[in-house]
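Quick one: the structure is below, questions incoming.
The values are calculated or read from the model by the stated rules, or taken from the named source; none is laboratory data. All values derive from a computational prediction rather than experimental measurement. Please note: Cβ atoms are built from the backbone with ideal geometry, for glycine as well, and neighbour counts cover all protein chains shown.
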Amino acid sequence: MNNHLAVYLIAFLSIAGVIIRPFKITEYIWAVSGALLLLICGLILPVDAFSGLSKGNDVYLFLTGMMLLAETAREEKLFDWLAAHATNLAKGFPYRLFMLIYLVGVIVTALLSNDATAVVLTPAVAAAAKAANVKKPLPYLLICAFVANAASFVLPISNPANLVIYGKYMPSLLRWLAQYMWPSLVSIIVTYLLLLLTQRSALKQTIENKIEVPTLSLGGKTALLGIIATAVILLVASAFNMQLGLPTAVAGIITSAVVILNARKNPWSVIKGVSWSVLPLVGGLFIIVEALKNTGLINYLSAMLQQSLAGSTTVAVGTSGFIIALACNLANNLPVGLIAGSAVQTGHLPELIKSALLIGVDLGPNLSITGSLATILWLVALRREGIIVKAWTFLKLGLLIMTVALAFTLAALWL
C-alpha cells in the first residue's frame, strides 16, 4: 500500500473512532492508537512525531489549568452557589433563566475559552436546573455547547483553535477586535435566537422562583477569585501577544493548591476528578496531523485556497468558511484547525480568507455532537451528571442553528 494512502487511512479510522466511539471505547484510546500505529508502521519518524506532539504544549498547559480550576470550583460547591443566584434572578421565568445562562456563557467563553464553558459552566447549569426543579434541563444545557462555539472568536483567548490557526502570526488584540467584533456579535445573536426558537416548547415549564442560597466556603471564594484572576491574566497575556498555556496552568495549579491547603484536603480529591484523558487525546491528534502534513496535504490545501481566490472573493469567503466547517464535523475541529493553520501560515492568504477559515473552525462544530474539543468536554461533563445527549438530537438542531448562523456571520465578515 502507498505510504500516503496508509497515513490517510489510519488518520481517518482514528478520527472516526474519536467521533463515533465504537464499543463505547473512550475517545483518547483511538487517537493514541492511531498515533502509535503510524510510528510502528514507520509512516512517521519518531523525531517528526515528537515535533508534532510538542506543537501542542501550549494547548496541554491551557487545558490543564482550566480543568484544575473547574474541578476545584466544583469540589468547593461554587457552582451550586452560582446556580442558586441565577435561579433567584430568573424569578420563576424559564425564558429569563435561559437568557441569563446564555449571557454568562458568552462572558465565560470570551474571557476563559470555549473549553472553559464546557468544563466550568456545564456543571453550574446542571446545578441550577436541579435547584430550580427543572423537569426538562436539556434546553439550558444545550446553551453550554452552542455558545461555547458561537462566542469563541470574540477574543484570541476564546478558543485554543485560534492559537493553533494563527500561531506566531496572531494579530494584536486591537486588530483582532476590529476584525472580529461584528462577526462575533452576529454569531452570538443569531445562535441565541435560533436556539430559543427551537427550544420554546420545552421552555414552557414551571421553575422555582426563590431558593435558599448556600453559604460560599472560603475554598469556594478562593476558586472564584482564581477564575477571575485567570481571566485577567489571559487578557493581559493576549494584549502582549504572549502564549496563554503557561499562565493558565500556573493560575489553575496555584488556585487548587491554595484551596487544598486552606481546607486541609487530600489533593487526590481534586486530581482524580479532572478528565486527564483529554490530554493524550489532543497529543494523539497532533501526531496524526503531523503525519498528514508530511504527505504534502497542507501544501495541496494551500494551493486550493490560492486557486479559489482567482475568482470572486465573495465566493471564496463563503466556500472556504463552509467547507472548513463541514470538515470540522467530519474530523473534529482540532485536527482540522491544525491543518487549516498550517495552510494559513504557509500560504500568504488574504486576511479575509484567514478570518473565514477561523470562523468556520470555531463556529462550524455547532453542527454535530463531536465537532469540537469543547463539545466533547461538554459530553464528558454531562455524563458525570448522568445525562446522555444523542448524536441525532444534536445534529437536527445543529443543521439549522449552525448553517444559518455561519451564513450570517460570514456575510457580516464580508460586509
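With 403, 409 as the choices, which residue is over 26 Å from residue 14 (Cα atoms), in contact (Cβ under 8 Å) with a residue 12 or more places away in the chain, of a type outside the set (A, V, I, L, M) and touching a Pro at 6+ places or on another chain (Cβ under 7 Å)? Reasoning before the result, please.
Working: 403 fails: touching a Pro at 6+ places or on another chain (Cβ under 7 Å).
Matching residue, one of 403, 409: 409.
Additional query: For region 327-346, indicate whether the set of residues that are in contact with a Ser or Thr (Cβ under 9 Å, 6 or more places away or on another chain), modelled with pLDDT of 70 or more and not in a helix (DSSP H, G or I) is non-empty.
There is at least one residue in region 327-346 that is in contact with a Ser or Thr (Cβ under 9 Å, 6 or more places away or on another chain), modelled with pLDDT of 70 or more and not in a helix (DSSP H, G or I).
Of all residues in region 1-39 being part of a helix (DSSP H, G or I) and among the β-branched types (Val, Ile, Thr), which is surrounded by the fewest Cβ atoms within 10 Å (Cβ to Cβ)? Give the derivation first.
Filtering region 1-39 for residues part of a helix (DSSP H, G or I) gives 3-20, 22-24, 27-39.
Now drop any that are not among the β-branched types (Val, Ile, Thr), which leaves 7, 10, 15, 18-20, 29, 32.
Details: 7: 22, 10: 21, 15: 24, 18: 26, 19: 20, 20: 13, 29: 18, 32: 19.
Among residues in region 1-39 that are part of a helix (DSSP H, G or I) and among the β-branched types (Val, Ile, Thr), the one surrounded by the fewest Cβ atoms within 10 Å (Cβ to Cβ) is 20.
Hey, any hits in region 181-188 for a residue that's surrounded by 14 or more Cβ atoms within 10 Å (Cβ to Cβ), touching a Ser or Thr at 6+ places or on another chain (Cβ under 7 Å) and among the polar types (S, T, N, Q)?
Yes; the residues of region 181-188 include at least one that is surrounded by 14 or more Cβ atoms within 10 Å (Cβ to Cβ), touching a Ser or Thr at 6+ places or on another chain (Cβ under 7 Å) and among the polar types (S, T, N, Q).
Next up: Could you tell me which of the residues 97, 89, 163, 82 is farther than 23 Å from residue 214 by Cβ and either in contact (Cβ under 8 Å) with a residue 12 or more places away in the chain or in a helix (DSSP H, G or I) (or both)?
Numbers: 97 fails: farther than 23 Å from residue 214 by Cβ; 89 fails: farther than 23 Å from residue 214 by Cβ; 82 fails: farther than 23 Å from residue 214 by Cβ.
Step by step, each of 97, 89, 163, 82 is checked, and only 163 is farther than 23 Å from residue 214 by Cβ and either in contact (Cβ under 8 Å) with a residue 12 or more places away in the chain or in a helix (DSSP H, G or I) (or both).
Mind checking which pairs have a first residue in region 247-271 that is more than 15 Å from residue 67 (Cβ to Cβ) and a second that is among the hydroxyl-bearing types (Ser, Thr, Tyr) and assigned to a helix (DSSP H, G or I), Cβ under 7 Å, 6 or more apart or different chains?
258/222; 262/222
Next up: Can you tell me which condition residue 42 does not meet? The list is (1) outside any helix (DSSP H, G or I); (2) surrounded by 15 or more Cβ atoms within 10 Å (Cβ to Cβ); (3) free of Cβ contacts under 8 Å to residues at least 40 places away in the same chain, and all the others hold.
So residue 42 meets the others, but not (2).
Output the residue which, of all residues in region 271-281 that are surrounded by fewer than 20 Cβ atoms within 10 Å (Cβ to Cβ) and aliphatic (A, V, I, L, M), is farthest from residue 42 (Cα to Cα).
Checked region 271-281; the qualifying residue farthest from residue 42 (Cα to Cα) is 271.
What do you reckon, is residue 147 at pLDDT below 85, within 22 Å of residue 395 (Cα to Cα) and either β-branched (Val, Ile, Thr) or crowded, with 24+ Cβ neighbours inside 10 Å (or both)?
On the way: at pLDDT below 85: no; within 22 Å of residue 395 (Cα to Cα): yes; either β-branched (Val, Ile, Thr) or crowded, with 24+ Cβ neighbours inside 10 Å (or both): yes.
Spelling it out, it is not the case that residue 147 is at pLDDT below 85, within 22 Å of residue 395 (Cα to Cα) and either β-branched (Val, Ile, Thr) or crowded, with 24+ Cβ neighbours inside 10 Å (or both).
Here's another thing I want to ask about it. For residue 90, all conditions in the list (1) modelled with pLDDT of 85 or more; (2) farther than 30 Å from residue 265 by Cα hold save one; what is the number of the exception?
In the conditions (1) modelled with pLDDT of 85 or more; (2) farther than 30 Å from residue 265 by Cα, residue 90 misses (1) alone.
Of the numbered conditions (1) acidic (Asp, Glu); (2) farther than 19 Å from residue 144 by Cα; (3) surrounded by 23 or more Cβ atoms within 10 Å (Cβ to Cβ), residue 115 satisfies every one except a single condition; which is it?
(2)
Residue 101 is checked against (1) surrounded by fewer than 20 Cβ atoms within 10 Å (Cβ to Cβ); (2) aliphatic (A, V, I, L, M); (3) under 30 Å from residue 207 (Cβ atoms) and fails just one. What number does that condition carry?
Answer for residue 101: the failing condition is (1).
So the check is Cβ under 6 Å with 6+ separation or different chains; which pairs have a first residue in region 357-379 that's at negative phi and a second one that's of a type in the set (Phe, Trp, Tyr)?
362/153; 366/146; 369/394
Exactly one condition in (1) over 14 Å from residue 65 (Cβ atoms); (2) of a type outside the set (Asp, Glu); (3) surrounded by 15 or more Cβ atoms within 10 Å (Cβ to Cβ); (4) more than 21 Å from the chain's Cα centre (by Cα) is not met by residue 296; state its number.
All conditions pass for residue 296, except number (3).
When region 225-238 is examined, which residues are found to be more than 21 Å from the chain's Cα centre (by Cα) and surrounded by 14 or more Cβ atoms within 10 Å (Cβ to Cβ)?
Passing the criteria: none in range.
Inside region 45-79, can you point out the residues that are within 11 Å of residue 283 (Cα to Cα) and not in a helix (DSSP H, G or I)?
55, 56
Across region 349-403, what is the number of residues that are in a loop (DSSP other than H, G, I, E, B) and buried (at least 24 other Cβ atoms within 10 Å of the Cβ)? Before you say what the answer is, go through the steps one by one.
Within region 349-403, the first condition is being in a loop (DSSP other than H, G, I, E, B), and the residues that meet it are 349-350, 368-372, 385-390.
Now narrow it down to the ones that are buried (at least 24 other Cβ atoms within 10 Å of the Cβ): 371-372.
So the answer is 2.
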